[in-house]
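What follows is a set of notes on a single structure, which appears directly below.
The values are calculated or read from the model by the stated rules, or taken from the named source; none is laboratory data. For clarity, every value in this text was computed on a predicted model and none was experimentally measured. Note that each Cβ is placed from the backbone with ideal geometry, even for glycine, and that neighbours are counted across all protein chains shown.
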Amino acid sequence: MRIVIQRITHASVTIEGTVKSAIGPGMLILVGIEEADGREDIDWLCKKVVNLRIFDDENGVMNRSILESGGDILVISQFTLHASTKKGNRPSYIKAAKPEVSIPLYEAFCTELTIALGKEIGTGTFGADMKVELLNDGPVTICIDSKNKE
């Protein structure tokens, strides 16, 4: 599983002209799922996300987690995170999981993250044409791949 975390002041996702989710300060997380991903990837990433110290403390130092800052999370599925650009100029998405694998894993990731955060998270709709709007705070953008734990 590959994620891109952006610390944001606000973010929203719109589908067919209707806002599906909107959040205030916190994280926008883009999630890419590959065939080899499973429950252990979800568990590891959720713990990493809620404990990642990327929010400022009273001294302006990134020393607080989302749990400590009370922020919100918006999760968007994005298979293009597994794009391979080794050959030619058209990306290949062969490593991205098929919907029958990725949808249950995406839903499990969102459920587990809701539990870990202790409150509802915002989501997009898997496979939909989504318009994602955000104001990156910092900017702070962090990429994490569960296959690179060590």
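List pairs: first in segment 75-95 and more than 30 Å from Ile115 (Cα to Cα) and basic (Lys, Arg), second at pLDDT 90 or above and surrounded by 15 or more Cβ atoms within 10 Å (Cβ to Cβ), Cβ under 6 Å, 6+ apart or cross-chain?
none
Scan segment 7-22 and tell me whether some residue there is of a type in the set (A, V, I, L, M) and closer than 14 Å to Ala116 by Cα.
Checked segment 7-22: no residue is of a type in the set (A, V, I, L, M) and closer than 14 Å to Ala116 by Cα.
As an exercise: evaluate Gly24 against (1) closer than 23 Å to Ile54 by Cα; (2) modelled with pLDDT under 95; (3) small (Gly, Ala, Ser) and give the number of the one condition it does not meet.
So Gly24 meets the others, but not (2).
Would you check if Lys87 is basic (Lys, Arg), in contact with a strand residue (DSSP E or B) (Cβ under 6 Å, 6 or more places away or on another chain) and either modelled with pLDDT of 95 or more or farther than 22 Å from Leu52 by Cβ (or both)?
When the stated conditions are applied, Lys87 does not pass them.
Do you know which residues across segment 96-137 are of a type outside the set (A, V, I, L, M) and touching a Cys at 6+ places or on another chain (Cβ under 9 Å)?
Phe109, Glu112, Thr123
Applying the selection to segment 94-150, what residues are under 26 Å from Glu35 (Cβ atoms), charged (D, E, K, R) and over 13 Å from the mean Cα position of the chain (by Cα)?
Matches in segment 94-150: Lys95, Lys98, Glu100, Asp129, Lys147, Lys149, Glu150.
May I ask you to verify whether Phe55 is under 21 Å from Thr9 (Cβ atoms), among the aromatic types (Phe, Trp, Tyr) and surrounded by 13 or more Cβ atoms within 10 Å (Cβ to Cβ)?
Judged against the criteria, Phe55 is a match.
In segment 109-129, how many residues are crowded, with 18+ Cβ neighbours inside 10 Å and either in contact with a Lys or Arg (Cβ under 7 Å, 6 or more places away or on another chain) or among the aliphatic types (A, V, I, L, M) (or both)?
5
Looking at segment 64-108, which of the residues that are over 22 Å from Asp137 (Cα atoms) and aliphatic (A, V, I, L, M) is surrounded by the fewest Cβ atoms within 10 Å (Cβ to Cβ)?
It comes out as Ile94.
Could you give every pair whose Cβ atoms fall below 8 Å, whose first residue belongs to segment 126-148 and is aromatic (Phe, Trp, Tyr), and whose second residue is in a strand (DSSP E or B), counting only separations of at least 6 or pairs across chains?
Phe126/Ser77
Out of Gly17, Gly24, Gly38, report the one residue that is free of Cβ contacts under 8 Å to residues at least 24 places away in the same chain and either under 14 Å from the mean Cα position of the chain (by Cα) or surrounded by fewer than 21 Cβ atoms within 10 Å (Cβ to Cβ) (or both).
Matching residue, one of Gly17, Gly24, Gly38: Gly17.
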